[in-house]
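Below: the structure, in structure tokens.
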Amino acid sequence: MANSEPETAQLVAEHWSYQLVRELNDESLHLKSTSKSIAIRDLYPKARYHFLVLPRKDIDTLHELTIADVALLEDMYGLAQSVIKESGLDSKMFNFGYHLKPNMKRLHLHVISKDFDSPSLKRRHHWTIFNSDIFQTHDAVLTELKMHGKIYERPDAYIAALRKGPLKCNVCLYETDNLQTMKKHITIHTKPQLMLPFFPINTAIM
């Protein structure tokens, strides 16, 4: 039985899984927007630079996408590039992608710098969800959608295994099971241009 409108509104207002929807509705948190999508800052960044691009369209997961949404994904990626450029950063510093089976409502494109230097990155799955096949690149998602008209669901057991799997360096072949060891290791790959301040929380890009 479907939820009534008041019940749905209460979920959006209170449940943790709708946090991004609440942020989407708060214009003071918007960095930049288009007619199709809105860029916001990740409030718990897993790297020095980490923001999200969300569609205005009410769509929660990759598996709800259809061939008609190709233009939407292209708009989201274009907005991400625009925010990076206006921030004076280099797009080569970033990974662009979506999580398979995310917990948060509303589809979102992660735009995250490759340094993974953040105090908010404190659990081992924070690493694996960005450095395994759980993280599907924007290009891979767009290609799959164009080829098949949809994004195929992966088995829950497959995703769970990736979450619990070894921590793999995103630059070299190094692996470990200890997050702090990985966080120390990744610093050997950090380029000087990545050693910049975090986005100020109250700075919007107009």
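Computed from the coordinates by the stated procedures, all read-outs in this text should not be read as laboratory data. A quick note: this is a predicted structure, and the numbers were derived from the prediction, not measured. We place every Cβ from the backbone using ideal geometry, glycine too, and count neighbours over all the protein chains shown.
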(message) Test of understanding: extend the Cα→C-beta vector of R123 to 7 Å, then name every residue of segment 152-168 with backbone N under 16 Å from that spot.
(response) 160-165
(request) Please go through segment 96-196 and write out the trypsin sites (Lys or Arg not before Pro) that DSSP classes as loop and that have at most 13 other C-beta atoms within 10 Å. (result) K122, R123
(message) Net charge within 15 Å of K36 by Cβ-Cβ distance, Lys/Arg positive one each and Asp/Glu negative one each, not counting K36 itself?
(response) 0
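Could you pull out the chymotrypsin sites (Phe, Trp or Tyr not before Pro) across segment 118-156 that fall in loop regions by DSSP (anything but H, G, I, E, B) with no more than 16 other Cβ atoms inside 10 Å? Let's see the in-between values first.
Values: sites: W127, F130, F135, Y152; in loops: F130, Y152.
Of the chymotrypsin sites (Phe, Trp or Tyr not before Pro), the ones in loops of segment 118-156 whose Cβ has at most 16 other Cβ atoms within 10 Å are Y152.
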(request) For the chain, with a Gaussian network of springs between Cα atoms less than 10 Å apart, report the residue from Y174, Y49, Y18 with the top mean-square fluctuation. (result) Y174
(message) Could you give the length gained by full extension between E153 and T66, i.e. 0.36 nm per residue of separation minus their alpha carbon distance, to one decimal place?
(response) 30.0 nm
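Relative contact order for segment 15-107: what percent, with Cα pairs under 8 Å and sequence separation of 6 or more?
Details: 109 pairs, mean separation 32.8, N = 93.
Rounded, it is 35 percent for segment 15-107.
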(message) Give me the dipole magnitude in Debye, nearest 20, for the chain about the Cα centre, with unit charges on the beta carbon: positive for Lys and Arg, negative for Asp and Glu.
(response) 740 debye
(request) Output the relative contact order of segment 9-189, whole-number percent, from Cα pairs under 8 angstrom with separation of 6+ residues. (result) 22 percent
(request) Under 14 Å from a label point 7 Å along Cα→Cβ of D58: give me every residue in segment 100-123 with its amide N that close. (result) 106-107
(request) Give the label of the value calculated from the structure for mean projected area of the Cα convex hull in nm², choosing from [x] 16.8; [y] 14.7; [z] 12.6. (result) [z]
(request) Quickly work out the T190-to-A161 label distance, labels modelled 7 Å from Cα along the C-beta direction, and quote it in nm with one decimal. (result) 3.4 nm
